[in-house]
1. If you count the DSSP beta bridges with both ends in the chain, what percent of them are antiparallel, to the nearest 5?
2. With springs connecting C-alpha atoms under 10 Å apart, model the chain as a Gaussian network and identify which of N66, N182, N219 has the largest mean-square fluctuation.
3. Net charge near A314: determine it from the other residues with C-beta under 13 Å of the C-beta of A314, scoring Lys and Arg +1 and Asp and Glu -1.
4. Would you work out if the range 88-190 is rounded, prolate or oblate? Take a ≥ b ≥ c from the square roots of the eigenvalues of the alpha-carbon gyration tensor; rounded if a/c is under 1.5, else prolate when a/b is larger than b/c, oblate otherwise.
5. I'd like to know which of C61, L280, L257 lies farthest towards the positive end of the charge dipole of the chain, counting +1 on Cβ of Lys and Arg and -1 on Cβ of Asp and Glu.
6. Provide the per-residue ³J(HN,Hα) series for the range 254-268, in order, calculated from phi with Karplus coefficients 6.51, -1.76, 1.60 and θ = phi - 60°, each as a whole number of Hz, with x at glycine and proline positions.
7. If you average the sequence gap of Cα pairs under 8 Å that are 6 or more apart and divide by the length of the chain, what percent do you get for the contact order?
8. Counting other C-beta atoms within 10 Å, which of F232, F288 has the fewest, and how do the rest follow?
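What follows draws every value from the coordinates through simple rules; no lab data is involved. These figures come from a predicted structure and were not determined experimentally. Methodologically, a virtual Cβ is constructed for each residue, glycine included, from the backbone with ideal geometry; neighbour enumeration extends over all protein chains shown.
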Amino acid sequence: MKSYDVIVIGGGAAGLMCAITAGKRGKKVLILERADRIGKKILISGGGRCNFTNLNISPDCYLSSNPHFCKSALSRYTQWDFIDLVEKYKIVYHEKIHGQLFCDKSSKEILAMLLKECEDVGVKIFTDVTVSSVESVEKYFVTSNYGEFSAASLVIATGGLSLPKLGGSGFGYEVAKQFGINLIPNRAGLVPFTFDGDVKEICQHLSGISVKTDVKLFNSATKINFTENILFTHKGLSGPAILQLSSYWNSGGFISLNLLPDADSLMIFKSLKTEFPNSLLRNKLSNFLPKRLVQELENLLWQELSQIPLRKIADEQLKQIAKLINAWILKPNGTEGYQTAEVTLGGVDTNELSSKTMEARKQPGLYFIGEVIDVTGHLGGFNFQWAWSSGYAAGQYV
Ligand SMILES: Cc1cc2nc3c(=O)[nH]c(=O)nc-3n(C[C@H](O)[C@H](O)[C@H](O)COP(=O)(O)OP(=O)(O)OC[C@H]3O[C@@H](n4cnc5c(N)ncnc54)[C@H](O)[C@@H]3O)c2cc1C
């Protein structure tokens, strides 16, 4: 049996950062990765350019049953620390929008950087590993198709359930259960909404159209809104604003879309009526919203007025239409689920872990890091930053 100081199960963003940090402290570290290569999610992330962090990292941008838990790790390994590392490797990057930092060239550069850091401190990596059991008798014993390994510290960095094709697995939750550690129920986050009936049909007709929209939950105590693009798809709605909102949405809930977030629609309608009294609302509204979207909205919301010139539409009727455009209330019938979700909400209960070290309170030597924990970031580099920060936190104590 081979003995190490630290065994990290899962060679994703969090596992690699933890291994590097522990390796720098002189620890003998082994990473066991189930997939045929390390860091698959890093490679496909950000459309192949890895949105590796955000300039505006803040605990408010994370969802968790305990919103305070992430603060300590985020403050001890910040976005600036990761940016320093990226700059040390001369990886050229840019801010896309809202502080989101992407590689100019390829996410391969981020993975290559992490692997070089691992190599420099002698981290041992095995891929194609099937772990069959984890046991704790003074030390931790991991049995796998590569044989049996032991270590004083065991780090679970196996991520969540999202994208099973890229390694998403419930392994971390099983280990937590084995050691009596509580779990917060999981659900898919940063995921497109699906619809049925008329709305699904509309989405299908508009598939591919993207429009800046302010989205929020309707009739909900959670007062959060996102103003970014939404994207109509064959199944429903996606796009950054929708993905962000999906993490806050609970099954059965309604959402509200303001399709003209930068303008007062009633003012627009009234001035159109004055300036173009003989025009149809549909034709003039197409200067503000995509033509096909306006046509679908007309079919749904004001079909009886479709052939009536603006001058003949009463202000009260315009007010009603304006209200609908400012608050189009829809009820998703679900989400696309883990097959397309970027993240998994819920996971290892933060009350079970030290926010300083990520060590399980009731199981000394056992650590959880990254997405397997009940901490989920907004879209825009927040999830990788959590992986770097929580990985670093554990790496300092394993
Ligand atoms: C399509 C997509 C794009 C994304 N883009 C971004 C982005 O641009 N910016 C951002 O901040 N976030 C992004 N995310 C989210 C981000 O990838 C995750 O939050 C982050 O990778 C979590 O890191 P992790 O190390 O905890 O888990 P993961 O990166 O999922 O790594 C877990 C690793 O554990 C391995 N594993 C699982 N089970 C076992 C087992 N039983 N034994 C051994 N190994 C196992 C997996 O194969 C995997 O390699 C994206 C996610 C997806 C799905």
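1. Values: 48 of 66 bridges.
Counting only bridges with both partners in the chain, antiparallel ones make up about 75 percent.
2. Fluctuation is largest for N219.
3. Numbers: positive: K270, K273, R311, K312, K319; negative: E304, D315, E316.
That sum, taken over residues with Cβ under 13 Å, equals +2.
4. Details: a/c = 2.51, a/b = 1.47, b/c = 1.71.
Oblate shape, in that a/c is at least 1.5 and b/c is the bigger or equal ratio.
5. Positive-end residue among those listed: L280.
6. 3J(HN,Hα) across the range 254-268, in whole Hz: 9, 10, 10, 10, 9, 7, 10, x, 9, 9, 8, 4, 5, 4, 4.
7. Values: 884 pairs, mean separation 103.2, N = 398.
The normalised contact order for the chain reaches 26 percent.
8. On the way: F232 24, F288 16.
Fewest-to-most ranking of F232, F288: F288, F232.
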